[in-house]
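No lab work stands behind these numbers, since they all come straight from the coordinates. Owing to the predicted nature of the structure, the values given are computational and were not obtained by experimental measurement. Note: ideal-geometry Cβ built from the backbone for every residue, glycine included; neighbour counts use all protein chains shown.
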Amino acid sequence: MKVLLVDDEVDFVNSLCKVLTRRGFEVHSATTAYAALPLIAKESFDVVVLDVKMPGMDGIQALAEIKRIEPGTQVILLTGHYSPMDEEDTMKSGAFCYLLKPCTITKLVDAIKAAAEGRCPGP
């Protein structure tokens with residue numbers, strides 16, 4: 001399964017890339033939405049794990065661009081800044097699910113697998 005991780009927290013990205021790679025995923029990363037979009041245009045990803053709050057283009061704007069470039073790509077929003085309005089907006093815009101940091105690795109892995117398989121995530 002090919003996953004793109006997009007988050008502006010470099011240490012978090014590096015750590016999560018290692019963990020997901022050990023779990024058998026092919027993981028790519030970007031620390032800005034601007035860096036992620038050309039990757040999405042060039043390569044096919046099963047799932048994009050996307051931070052909501054990032055400088056420049058935020059995750060909500062990036063979600064719209066991802067869906068424009070590759071409508072079939074599943075996007076999981078992962079954020080430490082919960083907003084009911086953001087969650088509603090992202091789900092309406094085609095996000096697969098909206099997870100809160102801190103999120104267990106098990107929950108994230110389950111969500112990635114569910115997204116790649118096109119099935120509903122668990123609770």
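Brief remarks follow.
- For segment 6-83, the list of GluC sites (Glu not before Pro) that fall in a loop by DSSP and count at most 16 other C-beta atoms within 10 angstrom reads 9, 43.
- Positive minus negative residues near residue 12 (Lys, Arg vs Asp, Glu; Cβ under 12 Å): -3
- Excluding same-chain neighbours fewer than eight residues apart, the lysines reachable from residue 101 by a Cα-Cα span under 18 Å are 18, 53.
- For the chain: relative contact order, % (alpha-carbon pairs under 8 angstrom, 6 or more apart): 22
- Positive-end residue of 39, 1, 104, charge dipole of the chain with Cβ unit charges: 1
- Rounded to whole Å, sorted largest first: equivalent-ellipsoid semi-axes of the chain, Cα gyration tensor: 18, 16, 15
- What you get for the chain, charging only the Cβ of Lys and Arg (+1) and of Asp and Glu (-1), is a dipole of about 380 debye around the Cα centre.
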